[in-house]
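Here, each number is a calculation from the coordinates, and none is a lab measurement. All figures in this text were calculated on a predicted structure; none of them were measured in a lab. Neighbour counts are summed over all protein chains in view; Cβ atoms, including those assigned to glycine, are modelled from backbone coordinates with ideal geometry.
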């Protein structure tokens, strides 16, 4: 039987789809404009188009799986288009959503704006119940009080109720009892409880997370139902898998319970795609670098595993300001924003220097060279002027670039700064690269690594344009650019494993860990995860169960994660765990702490399949090795324009070796090598530039 | 080299320098035991040129450290001239007058050499987990009660620890493992910064001192241009808070002339024999902080940024006290400087200032024994934000410091207390065209099995935060023990089962109340 897997990613502009033949690894690609009012429509279009294309080779009814990622949750939070939500808190605590942490995210801005809580004060209710910090019950739930509360909730017009009780991470019996009570009395009302969504210490963050989950739950539920119906209509009976921010996928049923975990699925897919390409060539330490028109992001991957963050900020008021959004305690691939992309505006700063970003021309009016009314120079204008982008073949020739408009925009900045147009154009390019390199350098330092040990993997429309120059600034020895296929996140979805994250948040000094109790709790979580993973299509025999043990010295606030197999969670392993922690700590911080007392603050169980590393093959006319043309390109090491080779990517066969400076063009992007370096085309048609 | 640099190269090298300092700061924060360093960014790492002038400061530092480390370095150089320094040396002091205004802030300076030539200094300051002495309280009467004072001393000699300094420090603090751990964290940050600077120079050929002078000049010009945008003149404002008997008065007079701005605090209270005195470096730092918020938030901190600003206060006043005045609760007075400066400018640039917030910062420190073990816990609370000409103030926001609350669940896990309520005080923000932010109520019950010692920073129980330009004042705060008003200024002993209620003040309103 022929098997095909399909991935569909809804992005801001396009909905992308990729189908892969499981035996031959051949892929098919489809694309449609995103349909914001009814996102499922574009998904249907893309799936229908893929099925049509494949039919000749694989016949009907062969789809074994559909993996899906969507920006639905992100958009609902940014645009505040969720359901009317009520919330129930412990007595005396309904204002914690508004008191927040009392911090300002910008020390010097007197006029800062904070995001409003997702649940307004008149929709926030209190219940006189209480658990102690150690999970002991202090005051039980009174059913009569709860009954009265239901009337208020009815009157509030809420479609969904969030429950966030103090110390629920230690004992969620009250949250469960209240959820059951509401479900029994009001079957039409959707319910979400904080410990079920994020069993983590810190009430403001946990309660914000549960309100966000509740807020998007009705929307995601009806969306996923409609999508399943649509797939049915197309005679696709394969199960629908949903991508999570963690870089794993789950069943649509579980996704509908905790939709907040879908938040960053698209970017996570991008990282997995970069990683998948890197693993093909056995590069284990990579910097996944993605740059588009309005954003640039980076993720550090070490030993083949993407960094994982345990919290994420959604709906920031200021994109680049930490603390200006809603803190959500979800497991997500650790991507940082390092810039505003090709649309970043260049200007003379108050200090008389040439500064770039964070303000952006966005997609409207966009860079000056788009000819849509932009007059201020952007990074894209500079890239165009320097010969890194071609005016006639930009976006596959669909958008001719205006050279005069670019010159005028860069020229007026150049005049103000007393520079030539060439100098200013290279200045813009170089400053934005330095900004991105600096942000990356600090991010890598925070993780205790050296950039020189990494391979940069470039994705996105502008990523390959800037990747080589950034890698040189960071001292990274090589840059890999996988065949883009025009659907980056989808390839990542297809390489993603099924994955479940669960947490046991409990603090014990290492010498006093109640091993039997911890192990029993983790085993129970493991069993639950096993069932969920199998229902998500994983093979039970292949499953991996690991525990991220979060540790710190008593008295510290930051913890360090040490990964061990679930089977090693036992008293006899305590000494080895101590050694692992000290080794890890010393790598991060240069030394361990003499006489420090280590403690465990959380046990985070991860159940997953092995990473589905996969080669993707695309039919290509890869027979010519010659250059298509030459053009003037700015060599950033000579500091002058040179005549450089221009190659068309789809004509470069495996084994081709080229010398920079050069550019390699394809429909979605341009790979730029702005100085002397060796460039090889690898057997899967990835391009590798060797810099050092 | 500087003269040949174009505007892009300057930007790139400037970004690199700030990024070096931030990278060193990352090392300091992540290894620190002090939760106030980690969570409240109560630290700074800076790069100084060979004359000890500030070239770059870490991005996240709190206001109290603006421009203090260059002054500290000069005090150290007065005792240990640069000619006597060698690579691998490190120097330490926590003297309030030479450092940042109170003893817990430990300052460390290291010279940076390249090929045997002295090119600059790396410097750091961080709030230590403990510095000995009594627990912090405004009621303290002499500096000697506040802990161990280290005059400028050599800490490392060519990389070798000076045992006497380490031993004395270790013997005089409560949680010595953590204090010594943080000391090493600072040393790592300083060393890393020096190493990274040398690498940058090796890689780029940068003339660090000439470049430093260039960016200082650029910052100076940017600040001067911002000052010129304020109408010239003399502006004054007076702010009061509860004191010990007499109110504490901060009287501020600003003169704007010829692109320069001077701040003088004549007419402010005399120094007091309580721990609310503010040494000149802290007076300077908080004045510069307020002016930077108003004038030029995006100009990076360096020596040039504040050359056009001068700050003075009469000798022997609460803003320029004589040794050995106690200073541990300096924030209770220092936090009044931004509202004083903003009040002075409210008439001429009303849309760039905000009304007085429910500051100074509140804190509550509880120590005792429970179940046979000692415990100590400190947490912060904030009042409402002052309103501006365009917007209501937010409830419960830290200003001018940036110290957040402790989550209730963390508090209850670490101290024998139960929090009964944390809520907004409806209507406590001052009325006006725009309302001040509300204060908060935090109520907790002592669960310890024996009496506990409590101390507070809690002010504006009598004198509220004033409104601006016709706005009304916010509501005053209150501290209650079992429902009865309680004096938070002295250290007290309270009992198991007692209930403490802390109600922080509301922020001032802005503009007249609409009819």
With Cα coordinates, the longest principal axis of chain A makes an angle with the long axis of helix A:574-589, in degrees rounded to 10, of 40 degrees
Highest-first arrangement of A:257-270, A:572-585, where packing means the average Cβ count within 10 Å:
A:257-270, A:572-585
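Below 8 Å, C-alpha to C-alpha, sequence gap of six or more: please give me the relative contact order for the stretch A:331-446 in percent.
Values: 188 pairs, mean separation 29.1, N = 116.
It comes to 25 percent, rounded to a whole number.
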The stretch A:297-341 scanned against label point 7 Å out from residue A:78 along Cα→C-beta; backbone N under 13 Å for A:314-320
Ranking of A:490, A:636 by count of other Cβ atoms within 10 Å, fewest first:
A:636, A:490
Proxy exposure order for A:605, A:436 (fewest C-beta within 10 Å first) is A:605, A:436
As a check on your grasp of the helix formula, calculate [θ] at 222 nm for the protein assembly as shown: sum -39500 (n - 2.57) over DSSP H runs of n ≥ 4, divide by the residue count, round to the nearest 500.
-9500 deg cm²/dmol
With a/c under 1.5 counting as rounded, go ahead and sort the stretch B:1-114 into rounded, prolate or oblate using the C-alpha gyration tensor (a ≥ b ≥ c being the square roots of the eigenvalues; past the cut-off, prolate if a/b is larger than b/c, else oblate).
oblate
Compare the peptides B:114-124, A:405-415 by average per-residue count of other Cβ atoms within 10 angstrom and give them in order, highest first.
A:405-415, B:114-124
Using the scaling law 2.2 N^0.38 Å as the reference, what is the normalised Cα Rg of the stretch A:498-608?
1.12
Where a ≥ b ≥ c are the square roots of the eigenvalues of the C-alpha gyration tensor, would you call the stretch A:77-219 rounded, which needs a/c under 1.5, or, failing that, prolate if a/b is larger than b/c, or oblate?
oblate
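If you take the square roots of the eigenvalues of the alpha-carbon gyration tensor of the stretch A:301-346 and sort them as a ≥ b ≥ c, do you get rounded (a/c under 1.5), prolate (a/b over b/c) or oblate?
oblate
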Convex hull over the Cα atoms of the protein assembly as shown, averaged projected area in nm²?
45.6 nm²
In whole angstrom, note down how far apart the Cα centers of the stretch B:403-458 and the stretch A:509-525 are.
34 Å
Return the average number of partner chain Cβ atoms within 10 angstrom of each residue Cβ along peptide A:91-99.
6
Below 8 Å, C-alpha to C-alpha, sequence gap of six or more: please give me the relative contact order for chain A in percent.
12 percent
Placing each pseudo-label 7 Å from Cα in the direction of the beta carbon, residue A:678 and residue B:145 end up separated by a distance in nanometres of 7.4 nm
Enter the mean number of other protein chain beta carbons within 10 Å of the beta carbon of each residue in B:174-185, as an integer.
3
What FRET efficiency would be calculated for the residue pair residue B:495, residue B:74, taking the C-beta separation as r and a Förster radius of 60 Å, to the nearest 0.05?
0.75
For the stretch B:2-219, fraction of C-alpha pairs farther apart than 30 Å, in %
20 percent
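Determine the shielding of peptide B:55-63 by partner chains: average, over its residues, the number of Cβ atoms on other chains within 10 angstrom of each Cβ.
Numbers: counts 0, 0, 0, 0, 2, 2, 1, 1, 2.
Average per residue, whole number: 1.
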Expected unfolding gain across residue A:638-residue A:38 under the 0.36 nm per residue rule, minus the alpha-carbon gap, is 210.8 nm
On a 0 to 90 degree scale, rounded to 10, what angle separates helix A:265-280 from the longest Cα axis of chain A?
60 degrees
Estimated FRET transfer efficiency (residue A:57, residue A:229; beta-carbon r; R0 25 Å; 0.05)
0.35
In nm, give the distance between the simple-model label positions of residue A:134 and residue A:155, each being 7 Å from the Cα along the Cα-to-Cβ direction.
4.1 nm
For A:336, A:375, A:99, what ranking results if the residue with the fewest other Cβ atoms within 10 Å of its Cβ goes first?
A:375, A:336, A:99
Based only on Cα atoms, what mean projected area does the convex hull of chain A have, in nm²?
31.7 nm²
What ranking, highest mean first, results for peptides A:168-179, B:275-286 when packing means the other Cβ atoms within 10 Å averaged over each residue?
B:275-286, A:168-179
Return one number: the angle in degrees, 0 to 90 and rounded to the nearest 10, between the long axis of the Cα atoms of helix A:421-446 and the longest principal axis of the Cα atoms of chain A.
30 degrees
